[in-house]
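Every read-out reported here was derived from the displayed coordinates using simple, explicitly stated rules and does not represent laboratory data. Everything numeric in this text was worked out from a predicted model, so none of it was measured. Because the Cβ atoms are built from the backbone with ideal geometry, glycine has one as well, and the counts that use them run over all protein chains shown.
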Amino acid sequence: MTNPSKKRGTGWESVIVDYLQREGWPHVERRSLNGSTDRGDIAGIPSVVIEAKNCKRVELAEWINEVEQERRNDHADVGVVWMKRRGRASAAGGYVVMTGAQFTRLLREAGYHPEGP
């Protein structure tokens, strides 16, 4: 008998992978579980860890702690939680959550600086 939560999570991971591949990241794939040395659910974007969540109950603090540990396990620069948005089937309609430190790092790497352009 299949675990409904696992099936829902695997389905959401696949939706994210399909979306990222269509958006130009051809090497993105679902990652196998690694127990205490887990490195996120989705691989294929260098130095980025993605933890996919499709849950009725939102537990942001726990999920951010989880992705931060996975980011450290993977020696990655960025870790995000990609949550399924209720009533939306597409990954484009989901929420991507990260810490403020991760967000400011991305801003700086994109060329935005506190002092201006």
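Some points to look at:
- The HN-Hα couplings worked out from phi for the range 7-13 by the Karplus form 6.51 cos²θ - 1.76 cosθ + 1.60 (θ = phi - 60°) are 4, 5, x, 4, x, 5, 4 Hz, whole numbers, x standing for Gly and Pro.
- Cα long-axis angle, helix 60-74 against the chain (0 to 90 degrees, to the nearest 10): 80
- Residue of Gly79, Gly24, Gly11 that the Gaussian network model of the chain assigns the largest fluctuation, springs spanning Cα pairs under 10 Å: Gly24
- Across q = 0.16, 0.23 Å⁻¹, the range 1-54 modelled as identical point scatterers on its alpha-carbon atoms has Debye log10 I(q)/I(0) values of -0.47, -0.89, in the order of the q list.
- The stretch between Arg22 and Arg105 holds 27.3 nm of extra length on full extension. This uses 0.36 nm per residue minus the Cα-Cα distance.
- Taking Cβ atoms as reference points and 12 Å as the exclusive limit, the residues near Glu62 contribute a net charge of -2, counting Lys and Arg as +1 and Asp and Glu as -1.
- Exposed trypsin sites (Lys or Arg not before Pro) absent: longest stretch of the chain, with sites in DSSP loops and at most 12 other Cβ within 10 Å deemed exposed: 1-55
- At q = 0.13 Å⁻¹, base-10 log of I(q)/I(0) for the chain (Debye sum, equal scatterers on each alpha carbon): -0.52
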